[in-house]
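Enquirer: The structure's right below; bear with me while I get my questions together.
The values are calculated or read from the model by the stated rules, or taken from the named source; none is laboratory data. Since we're looking at a predicted model, the values are computed, not measured. Here the Cβ positions follow ideal geometry from the backbone for every residue, glycine too, while neighbour counts run over all protein chains shown. Note: accessible area is taken over every heavy atom of the protein model, side chains too, but ligands, DNA and RNA are not part of it. Shrake-Rupley method; radii C 1.70, N 1.55, O 1.52, S 1.80 Å.
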Amino acid sequence: MAWEEQLFAVLDDLEQQAAAAYAAEREVDLVDRRRAEYQQVTLASRLVASVGRDVTLGVLGVGTVAGELTRVGAGWCLVRGADQDWLLLLAALTAVGGASDRSVPEVAWSPLLRLGPGSVLRRLAEAGERCVVHLRDGGRHEGVPRRVGADFVELAVGEEPRVLLVPLAGLAAVQSRD
């Protein structure tokens with residue numbers, strides 16, 4: 001009977017080796033799969049999961065903006081600071097601090113989250129709200145948005161309002177004036 005015990009011991013050892021080799025191979029596969037899946041995560045999806053959190057954002061032409069992230073849309077986010085609200089274009093962000101570790105994939109977004117920055121600018125124009133438009137190159141213009149085109153906002157600036165067209169591609173942020 002000793003030979004049967006030895007045979008079973010050898011078979012048990014081989015089975016354990018096979019299980020360990022499978023586990024090691026599976027772990028490598030899972031790591032590769034996690035990397036492949038994570039490369040599909042967008043900044044916007046991380047920001048959507050961060051709504052309601054206090055964040056700090058680096059913005060081209062503006063510097064640091066801090067406050068509560070209140071909304072996110074296609075290409076923009078809204079941050080409520082201590083004294084004012086900030087509409088920030090995601091393409092102008094240089095860094096984000098305080099974001100959630102989670103993300104919300106775009107397929108789970110409501111239709112409202114798919115609205116672009118033009119929608120927010122149109123609401124400002126309808127309200128006739130005075131604001132400061134910050135450009136990515138550091139320039140800024142104070143005025144009232146009047147109309148919003150496909151790729152620009154029409155801004156009334158100065159005492160005797162003159163019309164200034166600001167391309168959305170050059171826009172970094174819009175700051176409310178309270």
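Enquirer: Relative contact order for the range 120-178 using alpha-carbon pairs under 8 Å, separation at least 6, rounded to a whole percent?
Expert: Contact order relative to length: 35 percent.
Enquirer: Can you tell me the convex hull volume per residue for the range 95-141, based on C-alpha atoms, in Å³ to the nearest whole number?
Expert: With only Cα atoms used, the range 95-141 gives 139 Å³ per residue.
Enquirer: Could you give the accessible area per residue of the chain, probe 1.4 Å, as a whole number in Å²?
Expert: 63 Å²
Enquirer: Cα axis of helix 117-127 to longest principal axis of the chain: angle in degrees, 0 to 90, nearest 10?
Expert: 30 degrees
Enquirer: As a test of the formula, what do you get for the chain when each DSSP H run with n ≥ 4 contributes -39,500 (n - 2.57) and the sum is divided by the residue count, at 222 nm and rounded to the nearest 500 deg cm²/dmol?
Expert: Details: 3 runs with 54 residues, N = 178.
Per the formula, -10500 deg cm²/dmol.
Enquirer: Moving to a separate point now. Summarise the accessible area of the range 5-157 (1.4 Å probe, protein heavy atoms) by the percent that is carbon and sulfur.
Expert: The value for the range 5-157 is 52 percent carbon and sulfur by accessible area.
Enquirer: Which option, (i) 1.67; (ii) 1.57; (iii) 1.13, is the value of Cα Rg over 2.2 N^0.38 Å that was calculated from these coordinates?
Expert: Only one listed value fits the structure, namely (i).
Enquirer: In the full protein assembly as shown, how much of L165 is accessible to a 1.4 Å probe, in Å² to the nearest 10?
Expert: My reading of the accessible area for L165 is about 110 Å².
Enquirer: Then there is this: Take the alpha carbon gyration tensor of the range 132-178, find the square roots of its eigenvalues, order them as a ≥ b ≥ c, and report rounded if a/c is under 1.5; if not, report prolate when a/b exceeds b/c, else oblate. Before the final figure, lay out each step's value.
Expert: Working: a/c = 1.64, a/b = 1.14, b/c = 1.43.
Oblate, because a/c is 1.5 or more while a/b does not exceed b/c.
Enquirer: Let me ask another. With θ taken as phi - 60° and the coefficients 6.51, -1.76 and 1.60, list the Karplus ³J(HN,Hα) couplings across the range 103-115 in order, rounded to whole Hz; mark glycine and proline as x.
Expert: Per-residue couplings from phi come out as 9, 10, x, 4, 5, 9, 6, 6, x, 5, 6, 8, 6 Hz.
Enquirer: Right, another one. Between exposed trypsin sites (Lys or Arg not before Pro) in the chain, where DSSP calls loop and at most 15 other Cβ atoms lie within 10 Å, what's the longest gap?
Expert: 1-52
Enquirer: Assuming a ≥ b ≥ c are the square roots of the Cα gyration tensor eigenvalues, decide whether the range 43-88 counts as rounded (a/c under 1.5), prolate (otherwise, with a/b larger than b/c) or oblate. The partial results should precede the final answer.
Expert: On the way: a/c = 1.69, a/b = 1.25, b/c = 1.34.
Judged from the Cα gyration tensor, the range 43-88 comes out oblate (a/c at least 1.5, b/c at or above a/b).
Enquirer: Something else about it: Which far-off residues, 5 or more places away or on another chain, put their amide H under 5 Å from the one on S50, with H placed in the peptide plane?
Expert: Counting only residues 5 or more places away or on other chains, the set is S100.
Enquirer: Let me ask you something else. Over the chain, what is the mean sequence separation of C-alpha contacts under 8 Å (at least six apart), divided by residue count, expressed as relative contact order in percent?
Expert: Numbers: 313 pairs, mean separation 34.0, N = 178.
Across the chain, relative contact order equals 19 percent.
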